[in-house]
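Scroll down for the structure; my scribbles are underneath it.
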Amino acid sequence: MDSEATNNAKKDLVNYALFLADSSLIMGHRLSEWTGHGPMIEQDIAITNIALDLIGQARNFYQYAAEVINIQNDKKVTEDDLAYLRDANEFKNLLITELPNGDWAFTISKLFLFSTWQFYFYQTLIYSKDEQLAAIAEKSLKEVTYHVIWSGDWVIRLGDGTEESKNRMKKAVLNLWPYTGEMFIPAAFEDNLKNSVSINFSNMQNDWIEKVKLVFSEATLSIPEKMWMQSGGKNGVHTEHLGYILAEMQFMQRAYPGLEW
Amino acid sequence: MDSEATNNAKKDLVNYALFLADSSLIMGHRLSEWTGHGPMIEQDIAITNIALDLIGQARNFYQYAAEVINIQNDKKVTEDDLAYLRDANEFKNLLITELPNGDWAFTISKLFLFSTWQFYFYQTLIYSKDEQLAAIAEKSLKEVTYHVIWSGDWVIRLGDGTEESKNRMKKAVLNLWPYTGEMFIPAAFEDNLKNSVSINFSNMQNDWIEKVKLVFSEATLSIPEKMWMQSGGKNGVHTEHLGYILAEMQFMQRAYPGLEW
Amino acid sequence: MNEKELQHFEDKIKQEIRIEPKDWMPDDYRKMLIRQISQHAHSEIVGMLPEANWITRAPSLKRKAILLAKVQDEAGHGLYLYCAAETLNISREEMTEQLLSGRAKYSSIFNYPTLSWADMGAIGWLVDGAAIMNQVPLCRASYGPYARAMIRICKEESFHQRQGYEILLTLCRGSKEQKAMAQDALNRWWWPSLMMFGPNDDDSPHSAQSMKWKIKRFSNDELRQKFVDVCKDQADILGIAIPDSDLKWNEERGHYDFGEINWEEFWSVIKGNGPCNKERLDARIKAHENGEWVREAALAYAEKKKEVIDDVVKLS
Amino acid sequence: MNEKELQHFEDKIKQEIRIEPKDWMPDDYRKMLIRQISQHAHSEIVGMLPEANWITRAPSLKRKAILLAKVQDEAGHGLYLYCAAETLNISREEMTEQLLSGRAKYSSIFNYPTLSWADMGAIGWLVDGAAIMNQVPLCRASYGPYARAMIRICKEESFHQRQGYEILLTLCRGSKEQKAMAQDALNRWWWPSLMMFGPNDDDSPHSAQSMKWKIKRFSNDELRQKFVDVCKDQADILGIAIPDSDLKWNEERGHYDFGEINWEEFWSVIKGNGPCNKERLDARIKAHENGEWVREAALAYAEKKKEVIDDVVKLS
């Protein structure tokens, strides 16, 4: 490969890792806002645990992205540089992750839809020719399997609980649905990496919808009708929420640059 | 004066100006959060206008502080450096200014208690031997006079409005009251400046309480019983809210340091 | 319908004599005005939200003050326009209800998010610029209160537009990051701004009647062309590129040619699918609902005071 | 009261045989334990809040993960302790109600705000440190479930304490600003930490009985002295100064002398006047209220499933 092609391949790989890191980090960030405020102590613990898993996944992907960036680069970057020193338009997380938590029904639905996507995504990623991506996916898949079960159980419990909980779930699902479309539309960096990671997006979408249908049906909930889908996250075009998340999350690193903590 | 005494005097004066600037800025910041979300358009406009006045006052005091700091200093600071590059423990604003807006009753009560303090404070400050402080106070006093009238009218309207509005006002006043004590306890920099600004704190407190009583009585509200008072703002010990305000307010200057906007 | 009155009305229109609230006017004229003025008023009020989003994060105190004042002006414009509409026998409550229930529209541009500080510049330059382009001819609208409101508004809008352009100018003369921020904002706001002029003339159902009644003076496409011509030169001064590969000077027409607007997106956003439709409406609904007890209390207090005055009058 | 049972109970206490839930015990012993254990449980739960306040702002991903895990541990401790208290015939609902209504107390230290990242270090070092000092002897408390819960908790707490100290160590070896941050945190947390050991022995009404029943093993003042002695050396290693001008080594006593605690502040914070009493309780009340429909739904679902199972059982 000539050097431009190598460079582009490197860029695509970095973007790919960042997309996965950012999605996990921002989802974890939102879930961590529940810590100390959950509806019961047991669930406070559970949601914090999932936040921890997601931040752990983010760290793995950031570390890998940093490693790739640092190849033949004089200025070395760290996982923290990537998490704390990029502005909103450089973040590639799915929009669904940055939406505010709302009530427990909204958080649960969000987590279920997101984790189910993560599940099928990682399930393909473990076969990637890129060994690092495959290894991180494999490690994460165990965690995500649990997240799907845990959030799925809650979807069922709330969907088939009281009238109030059902109504809240219906509203949550309806408002979240437009943010599920972009999961299945590959960004340029995903397309470019298809020799290394071969994801069949339409199969993934089918698997995803089947799983969602299954859980929803047990939850006596229905899948929303076809609707217009939001997108932009993978390409750095976000909702107005992300800026506020970053202002808070990055404050220390921005205010006290270049220090050890 | 020897150079250490001069330096200390300079420091006191800077702290004094920062205390007034920070109080106005943070109060203005909170009020500006209402913009676009007020209970009626007319009041949206009014509260935005007051926010503007307060930010204007803050700018005058910051500019003066910067001027004093820059005397015989190589590294020049600007109003924006002072507003955007100090962390929470360097901010000297009164705690009451950083409390979240709450409902309209809370915002109105907060503004009334604060503006009434500003009114009596500036009324003394206009006689300061420090001509700049006196001039800023004089300019601000006109604005503050209007803020007292406007918020006082609302205190009356809500206190003597419906049962609901009265209950909201009672709750607001009760929760705000502990934050009014520090207005009348001079910080070291205030004590040290008494040759230049002669504020009789106990007179000021009497004037303040008389005015509050007058408006409250028309509002059919009562002054809360004597209670424990919170303090710390003037000395940089704040509530947990200020950190979040600064993270948001300072994001751009922190993320993109040293640029023109 | 009174034939004589209609004749009289049409004569006045022809002679450019303004129609005033107490004058006779056709029902459809009244309806068209109410629709247009209230839609415009709603746009001012909803339009506060995307900019208010950056007040607390403005990068300097001076910019913060300017932005606050600007958003406040928009609230003021909303007020003028609601008042103008009220002269046509519709109450502000009714118009608000139409907005909050989703029956009345507002300018679709405000359903796009403000994602960086540069958006404050782009909104001033492009959105206010397009608004002015639309509104200057409305200063000669046949309905008096509307025309007079527009005169006041246009003055302030052109001030806002200059401020917005100046924000971008500062960014474009600044660091590499700042210039990229400006370019990114232009990329996101350009096409929605072109959509502000409404559908192509062929697809604009109300236009002909509106022009006949001298509410509108120019067609959507005419105004859009004028806007593109002006903006292209301004973008060149900034040194950032309009995101349209079809944009080029057409010597023959004496205008810039430009690419096809994504009308699918336009209609979809109008239908409620823009990135922020739900958030904008939710914010207005929340403000309205949270304000309910306040408005009730203010009313209760005013009535109490009125009773006292009535009693005093009775006693005296 | 059954004299024989009381005798038997007291013998067991004397012989250091643990009292278990099904054993007979004096009413006052039960009450004292419920008060102490539930207070401790509440402290773990309320104690999550000041630290949770910095999770979203932790300065590195590693620190964020450690902090999340730590706060999660505290929730776990709260759970163990509620369970231990439940063995004494009080439900978690009842204890929660006591907390939210303000009748039950929690450790006053959590009514102070966390104002900088260094506070995460200071809380680990000082607050968890003081807690361990208090709790290690409780691992030998006469009531079995309490003692066993404390063993588990103490292990994790000492881990947390080391992590806290390490945060401060990193700051103290860092920039001037970081060191100032650490000093500022020590200034604010030192005295409240000393207060964690409770009033002076002379003013501590329950202590004597608690020691007689071998719930407590050391007096408040003994533990406080031990804490001061340990911390002084640790502060020296950090290179930051304990904010007490009376603190100095007393050769004769073999201990550090230290200044008088501001007991007025202590009692005032207990009475509800601390900087964050209202906020902490409001946060718990809000979590409880917002969780109500969730708990109801979970219960309704569980009952539905139980019915189904019952039906299946009936049919089979």
| note | Between the modelled labels at D:Ile285 and D:Glu265 (7 Å from Cα along Cα→Cβ) the distance in nm is 2.7 nm
| task | Return the sequence-ordered ³J(HN,Hα) values of region B:169-178 in whole Hz as given by the Karplus equation 6.51 cos²θ - 1.76 cosθ + 1.60 applied to θ = phi - 60°, using x for Gly and Pro. | result | 5, 4, 5, 4, 5, 4, 6, 8, 3, x
| request: Once you have the Cα-Cα distance between C:Arg103 and C:Asp201, take 0.36 nm times their residue separation minus that, and quote the gain in nm to one decimal. | output: 32.9 nm
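Please give me, ordered by residue number, the trypsin sites (Lys or Arg not before Pro) of region C:128-209 that lie in loop per DSSP and have at most 13 other Cβ atoms within 10 Å.
Answer in residue order: C:Arg173.
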| Label 7 Å beyond Cα on the Cβ vector: D:Lys4 copy-to-copy distances, nm | 11.8
| region B:1-255 shape via C-alpha gyration tensor axes, a/c threshold 1.5 | prolate
| note | Among region A:221-261, those whose backbone N falls under 14 Å of a label point 7 Å along Cα→Cβ from D:Lys62 are A:259-261
| field | Per-residue ³J(HN,Hα) for region B:145-150, Karplus 6.51 cos²θ - 1.76 cosθ + 1.60, θ = phi - 60°, Hz, x for Gly and Pro | value | 4, 5, 4, 5, 5, 5
| query | Between D:Ile17 and C:Lys226, how many nm apart are label points set 7 Å from Cα along the C-beta direction? | reply | 10.1 nm
| request: Hey, can you grab everything whose amide H is under 5 Å from the amide H of C:Ile19? Only 5+ residues off in sequence or another chain; H modelled, so Pro and N-termini drop out. | output: C:Tyr143, C:Gly144
| field | Phi-based couplings in Hz for region B:35-43 (Karplus 6.51, -1.76, 1.60; Gly and Pro marked x) | value | 4, x, 10, x, x, 8, 4, 4, 7
| message | Suppose we flag GluC sites (Glu not before Pro) only when DSSP calls them loop and at most 16 other Cβ atoms lie within 10 Å. Which is the longest uninterrupted stretch of chain B? | response | B:1-224
| field | Overall form of region D:275-315 per C-alpha gyration tensor (a/c, 1.5; a/b vs b/c) | value | prolate
| Most fluctuating residue of A:Trp34, A:Trp228, A:Trp104 in a GNM of chain A with Cα springs under 10 Å: which is it? | A:Trp228
| said: With +1 assigned to the C-beta of every Lys and Arg and -1 to the C-beta of every Asp and Glu, and no other charges, what is the dipole magnitude of region A:1-73 about the Cα centre in debye, to the nearest 20? | reply: 80 debye
| field | Dipole of the protein assembly as shown, positive direction: furthest Cα of D:Ile109, C:Leu99, B:Gln250, with charges on the beta-carbon | value | C:Leu99
| request: Check each of the trypsin sites (Lys or Arg not before Pro) in region B:42-89 and keep only those in coil by DSSP with at most 14 other C-beta atoms within 10 angstrom; list them in order. | output: B:Lys75, B:Lys76
| remark: Protection proxy (average C-beta count within 10 Å per residue), highest first, orders D:204-210, D:129-135, C:120-126 as C:120-126, D:129-135, D:204-210
| Can you list the residues of region D:24-42 with backbone N under 17 Å from a point 7 Å past the Cα of D:Glu10, pointing along Cα to Cβ? | D:24-30
| How far is D:Asn89 from the same spot in each other copy, in nm, shortest first, if each label point sits 7 Å from Cα toward Cβ? | 7.8
| message | What does the C-alpha gyration tensor say about the overall shape of chain D? Classify as rounded when a/c is under 1.5, otherwise prolate if a/b is larger than b/c, or oblate. | response | oblate
| Under 5 Å between amide H atoms, partner at least 5 residues away or on a different chain: which partners does C:His255 have, H built in plane at 1.01 Å? | C:Asn250
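So how much accessible surface do D and A hide from each other in total, probe 1.4 Å, in square angstrom to the nearest 100?
So the total buried area for this chain pair works out to about 4000 Å².
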| request: Return the distance in nm (one decimal) between the two label points of a simple spin-label model at D:Glu166 and B:Met227, each offset 7 Å from Cα along Cα→Cβ. | output: 4.3 nm
| field | Qualifying trypsin sites (Lys or Arg not before Pro) for region C:1-35 [loop in DSSP, other Cβ within 10 Å: at most 12] | value | C:Lys22
| If packing is taken as the mean number of other Cβ atoms within 10 Å per residue, what is the order of D:41-51, A:16-26, highest first? | A:16-26, D:41-51
| query | In Å², what does the accessible area per residue of region D:3-272 work out to with a 1.4 Å probe? | reply | 42 Å²
| Label-zone membership for region D:87-110, site D:Leu299, 7 angstrom Cα→C-beta point, backbone N under 15 Å | D:91-97
| field | Shortest-first nm distances, A:Glu210 label point to equivalent points in other copies (7 Å, Cα→Cβ) | value | 8.3
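Strictly over 18 Å apart at the Cα level, which of C:Lys226/C:Lys248; A:Lys11/C:Lys176; B:Lys170/D:Lys278; A:Lys11/A:Lys76 would you flag in this model?
Over 18 Å Cα-Cα: A:Lys11/C:Lys176.
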| Averaged across the residues of A:159-169, what count of C-beta atoms belonging to other chains lies within 10 Å of each residue's C-beta? | 4
| task | Tally the DSSP beta bridges in the protein assembly as shown and give the antiparallel ones as a percent, rounded to 5. | result | 75 percent
| Where the accessible area of region C:3-272 is counted over protein heavy atoms with a 1.4 Å probe, how much of it, in %, is carbon and sulfur? | 53 percent
| request: Just order D:299-305, C:268-274, C:214-220 by mean Cβ neighbour count inside 10 Å, highest at the front, would you? | output: C:214-220, C:268-274, D:299-305
| For D:107-116, what's the mean count of beta carbons from other chains sitting within 10 Å of each residue's beta carbon? | 3
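Averaged across D:69-80, how many Cβ atoms of other chains sit within 10 Å of each residue's Cβ atom?
4
The values are calculated or read from the model by the stated rules, or taken from the named source; none is laboratory data. Keep in mind that what you see is a predicted model, and the values were worked out from it rather than measured. Here Cβ is always computed from backbone atoms with ideal geometry, including for glycine, and neighbour counts include all displayed protein chains. Ligands, DNA and RNA are stripped out before the accessible areas are found, and what is left, the full protein with its side chains, is counted by its heavy atoms. Shrake-Rupley method; radii C 1.70, N 1.55, O 1.52, S 1.80 Å.
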